[in-house]
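The values are calculated or read from the model by the stated rules, or taken from the named source; none is laboratory data. Here the structure is a predicted model, which is why all the values come from computation and not from measurement. No Cβ is skipped: glycine too gets one built from the backbone with ideal geometry, and neighbour counts run over all protein chains shown. For accessibility, only protein heavy atoms count, side chains too; no ligands or nucleic acids. Shrake-Rupley method; radii C 1.70, N 1.55, O 1.52, S 1.80 Å.
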Amino acid sequence: MRVLESGFLFILLFNLLSWFQLPFLVVSSSSYEGHWYDYSAYTECKSYPEDPLYNGGILKDNVEGNFGNHLMETISYSPAFLLENLTATTRYTFSCWVKINAINYSSSLVKARLSIDDSKLECIGTVMARSDCWSFLKGGFVLDSPSKASLLFFESVEENLTDIMISSASLQPFTIEQWGMHQQNNIRLKRKRMVAVHLSDEKGNQISGASILIQQLSKDFPFGSAIAKTIIGNSAYQDWFIKRFNAAVFENELKWYVTEKEQGNLNYSLADQMLEFVRGNQILVRGHNIFWEDPQYTPKWVLDLNGEELKSVVDSRIQSLLSRYKGEFVHWDVNNEMLHFDFYEQRLGSDASLNFFQTAQQEDPLATLFMNDFNVVETCDDKNSSVDSYILRLRELMEGGAILDGIGLEGHFTRPNIPFMRAVIDKLATLNLPIWLTEIDISKKMDQQTQATYLEEVLREGFSHPSINGIMLWTALHPNGCYQMCLTDNNFKNLPTGDVVDKLLQEWQTNQTGGVTNEHGLYSFNGFLGEYKISVSFGNKSTVTTFSLPQGEETKHLNIQLY
């Protein structure tokens, strides 16, 4: 082991190692070679671990013998890595396979943590580890400032469980520029497509030198925001929203405590008026939510009910809501935040959520049914909402017969950890279900400029990730401010976050473009997915047509004849 420059830091790390009884490796980041990001992830527990991603990354040159890539069946303590010379702003991705050796526990949530120079402990990834097989942990981190020495170690949420084994560990750094390049490559492959326009006359002769004008009419990718009752009759708010977004979600106006504040007194007037607005402007809208497991947001009169009486009003709630709006909402968040709360399941039994999903599917078979929860991509310090907890709950519902079609990630961020966010989505993507970022905002604890910086990081990561199907902001406007983050002031003057959104909306669309056909009667362009209008003119002849540009790996060929 090399002697560290800081004696105090060495003592700190040595004490940590002694406390946890950890073997460790000294790792330098100077051995990095460029790689493309590996989206591989595993949710099944395996008899043997897979090989390390990136061949171990910057860990590979420091692994002696079989450490880091073998079963380690006889080791009775947890390994750790001493990481030297980590750089600021670098995106570090970490992965390994984990197994526990415990008599009293068949499984346990294991966290990978990073202790940096000031001894702050950061969670960088979690996995539900088992004693009979190997489970895959994927995470990552970004440092605010360089670190001469950091300790990457593992701990179980069970205080008396210290026998943790790892294998196939990998730490791979990416610069900001490399990370951005990977994002742009994904956007090119997932959000855009090449178009070849072939122009000919009525006899099939190619026409060269014709003028082509391309205009994008609408976008395929759903990008929207929450709206509140404040949009009703507010033409300025409506105009501002329509110019930007093609998707919406009602902030509170569909929730049970709003639509039935008093038992039997149903009032859907606010939701009806808001639905009229979105319908009239061809904006798709998510249904949020049917139930909310948090008793704080459950109607007060419902809190007093139990047994058959509660079951009766629950059934009435589903039937009333979904029969009224059948086919109107593309999604329903069926039972909100069920990883964190269990009001209905405590009173109606463990199958309560399963019954909610089954009934909702019967009432509105056209809607996509979602689980929706927080702190899945925001942090790994919340043991209730680890990525494996989410996956386990999804599988329980589906194995029980629920028609569950979507994964909702709320995304209420303080300081986002983008490599961790990507790793969690990678793992959820193995389920092959639609994934949406459903309530994106940045904590108001941050100043406005920091909110904007972090928001841009999150939105770029979401839009570029190949498994994200839509993004919703949580920015419904109120006179006294939004929940955490607004895009504008009350006069619709952009705040820094609004500038970020407008910049990205402009970047993620095909701006009006055009040119002339070449000698083969061909004009080509690379456009974002969506609906287009194409205007063609040659001499005294012209035509206008529209076409759809859906996702596809091949160039879309469009043949136009000019008569």
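The criterion of at least 1 residues that are under 18 Å from Gly470 (Cα atoms) and open to solvent by 60 Å² or more (accessible area, probe 1.4 Å) is met by the following strands (runs of 3 or more DSSP E) wholly inside region 176-236: 211-219. When region 348-369 is limited to residues that are open to solvent by less than 30 Å² (accessible area, probe 1.4 Å) and either closer than 25 Å to Val278 by Cα or among the basic types (Lys, Arg) (or both), the one that is nearest to the chain's Cα centre (by Cα) turns out to be Leu369. Is it the case that Leu455 is of a type outside the set (D, E, K, R) and free of Cβ contacts under 8 Å to residues at least 60 places away in the same chain? When the stated conditions are applied, Leu455 passes them.
For region 237-257, how many residues are open to solvent by 50 Å² or more (accessible area, probe 1.4 Å) and not acidic (Asp, Glu)?
Summing the residues that are open to solvent by 50 Å² or more (accessible area, probe 1.4 Å) and not acidic (Asp, Glu) in region 237-257 gives 4.
Scanning region 85-98 for residues that are in a strand (DSSP E or B) and within 15 Å of Phe141 (Cα to Cα) gives Asn85, Leu86, Arg91, Tyr92, Thr93, Phe94, Ser95, Cys96.
Residues in region 274-312 that are open to solvent by less than 20 Å² (accessible area, probe 1.4 Å), within 15 Å of Trp256 (Cβ to Cβ) and among the hydrophobic types (A, V, I, L, M, F, W, C): Ile290, Phe291, Val302, Leu305, Leu310.
Filtering region 510-563 to residues that are open to solvent by less than 30 Å² (accessible area, probe 1.4 Å), under 26 Å from Ser464 (Cα atoms) and not in a strand (DSSP E or B) leaves Thr510, Leu529, Gly552. Inspect region 384-392 for any residue being surrounded by 18 or more Cβ atoms within 10 Å (Cβ to Cβ) and among the charged types (D, E, K, R) and give the result as yes or no. Within region 384-392, one or more residues are surrounded by 18 or more Cβ atoms within 10 Å (Cβ to Cβ) and among the charged types (D, E, K, R).
Note on region 329-347: among residues that are surrounded by fewer than 20 Cβ atoms within 10 Å (Cβ to Cβ) and touching a Leu at 6+ places or on another chain (Cβ under 6 Å), the one that is nearest to Phe250 (Cα to Cα) is Val330.
Scanning region 53-83 for residues that are open to solvent by less than 20 Å² (accessible area, probe 1.4 Å) and at pLDDT 75 or above yields Leu53, Gly56, Gly57, Ile58, Leu59, Pro79, Ala80, Phe81, Leu82, Leu83. Residues in region 318-373 that are closer than 17 Å to Val302 by Cα and in a loop (DSSP other than H, G, I, E, B): Phe341, Asp342, Gly349.
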